[in-house]
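The values are calculated or read from the model by the stated rules, or taken from the named source; none is laboratory data. Quick caveat: nothing in here was measured; it's all calculated off a predicted structure. FYI the Cβ positions are ideal-geometry reconstructions off the backbone, even for glycines, and counts take in every protein chain you see.
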Amino acid sequence: MTTPCTGRFTDKEIDVVQFNVRLVVNVTQVVPFMEELCSEKPHKFRGFFGDRPEQNYVHNQISVLESSVSPLDKESPVHELYRYGDLPVVELDLLCEYVFDKTPEFEAIKPQQIKDELAGDQEDN
């Protein structure tokens, strides 16, 4: 294992998960997509069952660590059946990092797959 470039590790206060996502996007939307992915997002929280006073939050836990953009051949056998339209599209490959707070509230909404992955990581250490 290598040290993450962010220097963040899972500890007593946070869980750190790195993930890869690859998608096809309009060539003009590469940067806007990454900006939106990493932007702070406002949300209202009323408890998990709507039984608490409304609170407003703004947060983001996603960081793009690496990105690569590759041209996409619409005529290739892999893509020939998809309809991408007339505008040029590219394949965007991102390595990202997501930070989860270790609080009961976050634990309740953390995806099971992430819980399982983190449990496996702890067993490996």
Among (1) at pLDDT 90 or above; (2) loosely packed, with under 11 Cβ neighbours inside 10 Å; (3) of a type outside the set (S, T, N, Q); (4) part of a strand (DSSP E or B), where does Pro53 come up short? (4)
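With the requirement that a residue be over 15 Å from Val24 (Cβ atoms) and of a type in the set (Lys, Arg), what does the stretch 43-101 give you? Please lay out each step first, then the result.
Initial filter on the stretch 43-101 (over 15 Å from Val24 (Cβ atoms)): 43-66, 77, 95-101.
Those that are over 15 Å from Val24 (Cβ atoms) and of a type in the set (Lys, Arg): Lys44, Arg46, Arg52.
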Scanning for something small (Gly, Ala, Ser), out of contact with any His (no Cβ under 6 Å at 6 or more places or on another chain), surrounded by 10 or more Cβ atoms within 10 Å (Cβ to Cβ) and touching a residue at least 24 places away in the same chain (Cβ under 8 Å), does the stretch 32-43 turn up at least one residue? no
Restricting the stretch 73-98 to residues that are of a type in the set (A, V, I, L, M, F, W, C) and part of a loop (DSSP other than H, G, I, E, B), which is surrounded by the fewest Cβ atoms within 10 Å (Cβ to Cβ)? Leu81
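Find the residue count for the stretch 69-96, including only residues that are aromatic (Phe, Trp, Tyr) and more than 28 Å from Ser39 (Cα to Cα). If you could, list the steps in order and put the result at the bottom.
Step one: of the stretch 69-96, the residues aromatic (Phe, Trp, Tyr) are 82, 84.
Still in the list and also more than 28 Å from Ser39 (Cα to Cα): 82.
Residues in the stretch 69-96 being aromatic (Phe, Trp, Tyr) and more than 28 Å from Ser39 (Cα to Cα): 1 in total.
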When you scan the stretch 53-61, do you find a residue that is in contact with a Lys or Arg (Cβ under 9 Å, 6 or more places away or on another chain), among the polar types (S, T, N, Q) and within 23 Å of Arg8 (Cβ to Cβ), even just one? yes
